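All of the numbers you see were taken from the coordinates with simple rules; none came from a lab. Just so it is clear, the structure is predicted and the values come from calculations on it, not from any experiment. Quick reminder, even Gly has a Cβ in these numbers, built from the backbone with ideal geometry, and neighbours come from all protein chains shown.
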Amino acid sequence: MSHPDAIWYYVDAQGQQQGPVTSPIIAGQFRLGRLTATSLVWREGLATWVALDDVRGELGIAKVSPIAATPPVAPVTPPTAPSALDPISADQSTPAPMQGAVGDIDRQDIVYAGFLRRWAALFIDSIILSVVFYALSMVFGMAAVFGSAGLDVMSPDTGSAALNSMLGMLYLFYFLMAGTYYSLLESSSNQATVGKMALGIKVTDRHGQRLSFAHALGRWAAASISYLTFYIGFFLAGWTERKQALHDFVAGTLVVDRWAFTDQPEKQQRQLHGCAVAFLVVIALLIVISVIGIVAAIAIPAYEGYVQRM
């Protein structure tokens, strides 16, 4: 029986381990003649590496000859101690777990981060970026004022051009700061910004792997599409199957609980996270206070006018 969703590894003609890949990829390599019936393959659940011919059914490969036959080359054991990232053990018999890919990783029990958790995380990150941005803006603004104090009074046109230039530089600085913030933190070992860490979620690629800096930067840039759709792209995270926003589909990423794609999936938060609840309570209180303030601003003058007419 074919298992298209299984994660596989294989040894190429040069004796190098390749993967993780899905079974259709291995089948394609076989049809192109890059793998043969005796090429070594492995997936989680197999005790050792096996010949491709022994698992044809799982890979969906019929009993046909490939385009070309290349003698298989057994994987070469490195002279140093085997890494935890290498599923081939020192004696080439029992594969060792690969971080984030094989071993005890449960790829079925995944808690995806819903809209509310993601929105709360975005709110926290926005506050952090705003505080830093406005603090630095004040510093730059004061430096500009003191720097121009000894100069002659500028004409209105010159002053307007200087102000527009400064605003343009500040906006550019904000985008560079935000892009660096999201890209560095989401490609870090935590795989999360400060807001996401507070909400107990992280960003992965579609296979549950950590993002590279370039991938994280591309995801941040793709978020502009969600903004351009009047935020509809963000709301997709509320009803898509894997809670993906529009930019997640474009970048091929997932936002999941921080314990997802680990060997401890039971620690995943399956209910609304405590920080998200606290955030919603604060937002609700702010809304109530705002409504009370608006009502008071209308009612108090009206009441005072009524008293004066009495």
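A few points about this structure:
- Peptide ranges 237-244, 28-35 listed from the most packed, as the mean C-beta count within 10 angstrom indicates: 28-35, 237-244
- Kirkwood radius for the range 168-212, taken over all pairs of different Cα atoms as the inverse mean of 1/r, rounds to 11.3 Å.
- Burial ranking of peptide ranges 216-222, 264-270, 49-55 (average Cβ count within 10 Å, highest at the top): 216-222, 49-55, 264-270
- Look at where the Cα atoms of the range 5-66 and of the range 259-304 average out, and the two centres are 51 Å apart.
- For the range 168-177, Karplus couplings with θ = phi - 60° (6.51, -1.76, 1.60), whole Hz, Gly/Pro x: x, 5, 5, 5, 4, 4, 4, 5, 5, 5
- Annotation: peptides 115-121, 286-292, ranked by per-residue average of other Cβ atoms within 10 Å with the highest first, follow the order 115-121, 286-292.
- Between T253 and any residue 5 or more places off or on another chain, the built amide H atoms are never under 5 Å apart.
- Test item: Cα-centred dipole of the range 115-267, Lys/Arg +1 and Asp/Glu -1 on Cβ, debye: 500
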